[in-house]
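Notes for the one structure printed next.
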Amino acid sequence: MTLGASNHDRDTSLDFTNAFNTVDRREIACALKEYAPSLYRTAKWAYNSTTDLVQGDHILKSSAGVRQGDPLGPVLFSLAIRPSLERISLCLGPDQLVLSYLDEINILSSSTRPLSTLEQVTSFLDNQGTSLFLNRSKCTETTLDTINGRRPQRSRLSVRLYRHPSGLSRGQG
C-alpha cells in the first residue's frame, strides 16, 4: 500500500481540549468490552469510583478521564477514542487518512477538496455525542506547498506500509 503518493498534500492536525482528563469513563468501558475485554475487570476495579484530587484545602471528585500516572492510562485513552476516530474516518471517506498516536491526531487529505478537513470534522463532532471537544485555536491545516514553497516531487512523499510477520504494519520512507 502506498500512502501520500497520490493526493495527500494537506495535513490537518487536531487538538482536543484536555483530552486525557475529559474522555468519558463510559466510553472507556465500552471500548474495553469491544477491543480489550481481558482488561475490562481491571479497569472497572480501578475506575469504578471517583478519585479524590486534593488542591490545597479543597478536595475535588474526579469522575472523568484517565488517572495521571496510571500505566494503563494511554491504552485506555487510545481505546476510548478509537470509535470516534473510526466514525470520523467513515465520515471523511476513503480518500482521507486518519492517523493517531494517543492525542496526536493528523488527517492526510487532498487540498483540492471543496470543504476543508477541519470544517468537516468540526461539523461532524458537533452532531456526535462524544466527550472530545476540538480546541479550534490549536488545530491547523497545512499544505505541502506551504511548507516547501513549491510542489514537492511525488517520490519524496511516498511512504510504503509493509505487513510485519507479527501482523503489525511497518513504515518505510
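Post the alpha-carbon centroid distance, the stretch 1-60 to the stretch 87-128, in whole angstrom.
19 Å
Taking amide H atoms as placed 1.01 Å from N in the peptide plane, list the residues 5 or more away in sequence, or in a different chain, whose amide H sits under 5 Å from that of Ile105.
Those qualifying (amide H under 5 Å, at least 5 residues apart or on another chain) are Leu14.
Sorting Ser123, Ser131 by accessible area (1.4 Å probe), largest first, what list results?
Ranked from most to least accessible, the order is Ser123, Ser131.
Which whole-Hz couplings ³J(HN,Hα) result when phi for each residue of the stretch 18-26 is put into the Karplus expression 6.51 cos²θ - 1.76 cosθ + 1.60, θ = phi - 60°, listed in order with x for Gly and Pro?
For the stretch 18-26, the Karplus curve yields 6, 4, 5, 8, 10, 4, 5, 5, 5 Hz.
Considering only protein heavy atoms and a probe of 1.4 Å, how much of the accessible area of the stretch 43-111 is carbon and sulfur, as a whole percent?
57 percent
Straight-line reach only, C-alpha to C-alpha below 30 angstrom: list the lysines that Lys138 could link to, leaving out same-chain residues fewer than 8 apart.
Lys61
Along the Cα→Cβ direction, 7 angstrom out, place labels at Ser63 and Thr50. What is the inter-label distance in nm?
Label-label distance for Ser63 and Thr50, simple model: 0.6 nm.
How much accessible area per residue does the stretch 1-113 have, counting only protein heavy atoms and a probe of 1.4 Å, in square angstrom?
Counting only protein heavy atoms, the per-residue value for the stretch 1-113 is 59 Å².
Indicate the gyration tensor shape class of the stretch 1-66 (rounded, prolate or oblate), computed on the Cα atoms with a ≥ b ≥ c the square roots of the eigenvalues: a/c under 1.5 is rounded; otherwise a/b larger than b/c is prolate and the rest oblate.
Numbers: a/c = 4.81, a/b = 1.69, b/c = 2.85.
Oblate.
Provide the per-residue ³J(HN,Hα) series for the stretch 79-87, in order, calculated from phi with Karplus coefficients 6.51, -1.76, 1.60 and θ = phi - 60°, each as a whole number of Hz, with x at glycine and proline positions.
Using θ = phi - 60°, the values come out as 5, 5, 8, 4, x, 5, 5, 5, 5 Hz.
The values are calculated or read from the model by the stated rules, or taken from the named source; none is laboratory data. This structure is a prediction, so every number in the text was calculated from the model and none was measured. Backbone-built Cβ (ideal geometry, glycine too); neighbour counts: all protein chains shown. Heads up: the accessible areas ignore ligands, DNA and RNA and are worked out on the full protein's heavy atoms, side chains in. Shrake-Rupley method; radii C 1.70, N 1.55, O 1.52, S 1.80 Å.
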